[in-house]
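Down below is the structure, laid out as structure tokens.
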Amino acid sequence: MKNEIRITYPKTEFLKLNQELKIYIGSLFDEFLDLGESIQQPEFSYSLDSYYEKYTNDPYFSYVFFTSMNTGGAHPNNTIKTFVYQKEEKKVITISDLEQKNPNLLSILSEESRKLLRENPKIEHTKLGEEMLLEGTKPTLDNFQNFAFTKDGMLIFLEPYQVAPYAEGSFRILIPNSKLGFS
């Protein structure tokens, strides 16, 4: 049996953000070790891989973590987690914080993401495909919790299974600044 852990994460100039990132990385590590202890098979290799992308759009710094945890299942568990730091407020903000600034935000994100995803060839144009798309883009906080700000708008990240089968992977949707309703 072989276990591999590869985690890349930033150290930023923002103390609160660094604390949040450290907690998150620690939770990934702990989850992997806990799962490994309970299900390890000697002939199988287990792995935890996590890397990040950084986006900036003043006053926001966004970090998007892509994690793959292989613990012996049919395929690795792939997840996405975002951290958006607002430097004037000196805090990590969530989709809930943004919704308080614009109560129509979730409806906008839902409508715009559905339009864009219906044009994506990875989305099945079947009854099941439409059901997955509608469920995964309902105007709820959970559906739009993973986002980042870029100079062009709000980048929404949807995990595998959220709007399409696992084999289609994750999705990124860019909602232009002009559609968001706040600056």
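Residue pairs, Cβ under 7 Å, 6 or more apart or interchain, first in the range 157-183 and on the phi > 0 side of the Ramachandran plot, second surrounded by 13 or more Cβ atoms within 10 Å (Cβ to Cβ) and among the β-branched types (Val, Ile, Thr). List them.
Gly181/Ile108
Quick check on this structure: which one of Leu109, Leu105, Leu98 is in contact with a Gly (Cβ under 8 Å, 6 or more places away or on another chain), surrounded by 15 or more Cβ atoms within 10 Å (Cβ to Cβ) and within 25 Å of Phe61 (Cβ to Cβ)? Let's see the steps before the verdict.
Details: Leu109 fails: in contact with a Gly (Cβ under 8 Å, 6 or more places away or on another chain); Leu98 fails: in contact with a Gly (Cβ under 8 Å, 6 or more places away or on another chain).
Checking each option against the conditions leaves just Leu105.
If a residue must be farther than 17 Å from Glu119 by Cβ, small (Gly, Ala, Ser) and not in a helix (DSSP H, G or I), how many such residues does the range 129-168 contain?
Looking only at that region, the number is 1.
Among the residues in the range 75-88, are any over 19 Å from the mean Cα position of the chain (by Cα), closer than 17 Å to Leu155 by Cβ and not assigned by TED's automatic domain parsing to the domain that holds Phe171?
Of the range 75-88, the ones over 19 Å from the mean Cα position of the chain (by Cα) are 87-88.
Of the ones still in play, those that are also closer than 17 Å to Leu155 by Cβ are none.
The answer is no, given that none of the residues of the range 75-88 is over 19 Å from the mean Cα position of the chain (by Cα), closer than 17 Å to Leu155 by Cβ and not assigned by TED's automatic domain parsing to the domain that holds Phe171.
What number of residues within the range 72-113 satisfy the criterion of being assigned to a helix (DSSP H, G or I) and more than 24 Å from Glu130 (Cα to Cα)?
7
Which condition number in (1) more than 29 Å from Glu168 (Cα to Cα); (2) among the aliphatic types (A, V, I, L, M); (3) touching a Ser or Thr at 6+ places or on another chain (Cβ under 6 Å) is the one that Val92 fails?
Answer for Val92: the failing condition is (3).
Determine whether the range 115-131 contains at least one residue that is in contact (Cβ under 8 Å) with a residue 60 or more places away in the chain and either closer than 20 Å to Thr79 by Cβ or charged (D, E, K, R) (or both). Break it down stepwise before answering.
Of the residues in the range 115-131, the ones in contact (Cβ under 8 Å) with a residue 60 or more places away in the chain are none.
Scanning the range 115-131 turns up no residue that is in contact (Cβ under 8 Å) with a residue 60 or more places away in the chain and either closer than 20 Å to Thr79 by Cβ or charged (D, E, K, R) (or both).
Checking the conditions here, which among Lys91, Lys115 is surrounded by fewer than 16 Cβ atoms within 10 Å (Cβ to Cβ), of a type in the set (Lys, Arg) and under 25 Å from Phe65 (Cα atoms)? Working first, answer last.
Values: Lys115 fails: under 25 Å from Phe65 (Cα atoms).
From the options Lys91, Lys115, the qualifying one is Lys91.
Failed condition for Asp49, given (1) among the acidic types (Asp, Glu); (2) touching a Ser or Thr at 6+ places or on another chain (Cβ under 8 Å); (3) modelled with pLDDT under 95, with all others met?
The single condition Asp49 does not satisfy is (3).
Would you say Leu35 is at pLDDT 90 or above and either of a type outside the set (Gly, Ala, Ser) or exposed (fewer than 13 other Cβ atoms within 10 Å of the Cβ) (or both)?
Details: at pLDDT 90 or above: no; either of a type outside the set (Gly, Ala, Ser) or exposed (fewer than 13 other Cβ atoms within 10 Å of the Cβ) (or both): yes.
When the stated conditions are applied, Leu35 does not pass them.
The values are calculated or read from the model by the stated rules, or taken from the named source; none is laboratory data. These figures come from a predicted structure and were not determined experimentally. Cβ atoms come from the backbone with ideal geometry, glycine included; neighbour counts cover every protein chain shown.
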